[in-house]
Each structure stands twice: as C-alpha cells, then as structure tokens.
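Please treat every number below as a calculation from the coordinates, not as lab data. Quantities reported herein were computed from a predicted structural model and do not represent experimental measurements. Glycine also receives a Cβ, built like all others from the backbone with ideal geometry; neighbour counts cover every protein chain displayed.
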Amino acid sequence: MLDQLYILPVLLFSVIVHEIAHGYMALRLGDHTAKDMGRLTLNPIPHIDPVGSILVPLFSLLATGRVFIAWAKPVPVNPLNFSNFKRDDILVSVVGPLSNIFMTLFCAILFIILQNLTPLILSVNYEVLSDVWSFLAKMFLGGVYLNIVLAVFNMLPIPPLDGSHLVASILPNQIGDQYRNIGFFGIFIIILLMRVEGFRLIFSSIIETIAIPFIVLINSLT
C-alpha cells in the first residue's frame with residue numbers, strides 16, 4: 001500500500017485543477033459564483049471534499065492497494081447567469097475533462113525532464129535525493145494515466161458526471177431536467193456498470209487509446 005502513496009499528491013492536484021477549470025469557464029460566461037466564494041484558487045482547503053478527496057481514496061488504497069477515483073468539492077455554478085443555458089452548460093462541463101488532458105501532457109513533460117536529468121542526480125550519490133527523485137518520477141508517470149482516467153470517467157453520460165450535462169442539453173427541456181435530477185443516484189449506476197466486464201473492457205480500451213500519443217512522446221524523448 002505504501003508504495004502507492006506517490007499517486008495521492010497528483011490526484012489531489014488534478015481534481016482541484018478540474019474544478020477550477022469549471023469555475024473559470026463559468027466566470028468567462030458571466031457567472032461569478034465560484035470566484036465570489038473563493039473557489040478559483042489552487043489552495044486545496046476550499047476544494048477538499050471529506051468523502052471524495054479523503055475517505056474514498058484512502059479506502060480504495062487500503063482495500064485494493066490502488067486509488068481508482070477521487071473528486072474535489074464541486075465548484076458552485078449558477079446557470080441563471082448564463083446567456084445561453086444549454087451552450088454554456090456544455091462549455092462549463094467539457095472544460096473539466098479537457099483540463100485533465102492538459103494535466104496529462106503536463107505530467108508527461110515533467111516526467112520526461114526528470115528522466116533526462118536522472119543520470120545527473122544519480123551521479124551525486126545522495127540517497128535521500130535519489131529517493132525523492134524516484135518518488136517524483138513515479139508520481140508524474142502515474143499522473144499521465146490518472147488524468148486520462150479522470151477525463152474519461154467524468155465524460156461518462158451519467159449524472160452527476162460532466163458527460164451527463166452534454167446528454168441533458170441535447171434532450172428536450174423537460175426530459176433534460178428530469179435526467180439532471182438523477183443527481184448522485186447516478187453513482188450507483190456507475191458502480192454497477194464498473195462491475196460489468198464488457199463495460200470495463202471498453203472503458204480500459206478508451207484509456208489505453210488516449211494514452212498512446214503521450215506514451216509515444218515519452219518514449220521518443222527519454
């Protein structure tokens with residue numbers, strides 16, 4: 001279990017960036033709610049969800065030795081401030097998963113830099129520095145796959161995930177509103193789907209496909 005702790009810092013940072021992205025897009029579209037509530041900050045404290053940011057990752061780590069998923073406290077968004085509700089709701093929703101793809105590239109670049117500097121660090125022959133370097137390298141490489149998982153997971157078209165906003169926005173208004181009202185009950189649907197082998201295979205295949213260009217980039221520059 002302890003050898004998997006390296007993933008926790010990048011996990012927390014990634015889910016925070018995801019929520020900030022939602023807030024910034026909402027701000028650009030005329031909704032100042034997240035900004036006024038102090039949520040457009042990298043300070044983790046306003047973003048920590050006791051369940052999604054702490055209990056779920058720790059329980060997953062203790063139970064399986066791996067962290068599968070986590071989430072930060074959703075940023076508040078008031079759609080009444082949007083000039084075009086359906087369009088703006090889609091934009092605010094999509095930018096979260098896109099931020100995770102950006103984080104995938106960010107982690108890949110940092111991993112490449114670390115790998116290329118590793119011979120220099122090892123030549124110093126200082127054990128603590130080598131251990132820290134190894135921890136950072138594992139963290140950023142893990143962050144590549146982790147952020148792809150977060151992006152794909154959040155694009156599932158099931159409430160309350162981001163993908164559900166796309167589905168709700170293309171449905172007739174009344175049906176779309178009813179779909180959104182599923183809310184966190186959708187989590188039970190997701191849990192059931194994750195137990196279906198066919199769904200897991202499709203989910204994993206999508207992740208591996210998206211990862212290909214990033215792995216090619218890493219292999220070509222290290």
Between LEU120 and GLN4, what is the label-to-label distance in nm when each label sits 7 Å out along the Cα-to-Cβ direction? 3.5 nm
Could the peptides 161-169, 141-149, 201-209, 123-131 be put in order, highest first, of the mean number of other beta-carbon atoms found within 10 Å of their residues? 141-149, 161-169, 201-209, 123-131
Note the full-extension length gain between LEU80 and LEU193 as 0.36 nm times their separation in residues minus their Cα-Cα distance, in nm to one decimal. 37.4 nm
Mind jotting down the distance between the C-alpha centroids of the range 171-196 and the range 58-137, whole Å? 26 Å
Any chance you could give the angle, 0 to 90 degrees and rounded to 10, that helix 197-221 forms with the longest Cα principal axis of the chain? 50 degrees
Need one number: nm distance between label points at LEU62 and LEU201, each 7 Å from Cα along Cα→Cβ, rounded to one decimal. 3.5 nm
Quick one: Kirkwood hydrodynamic radius for the chain, alpha-carbon pairs, angstrom, one decimal? 18.8 Å
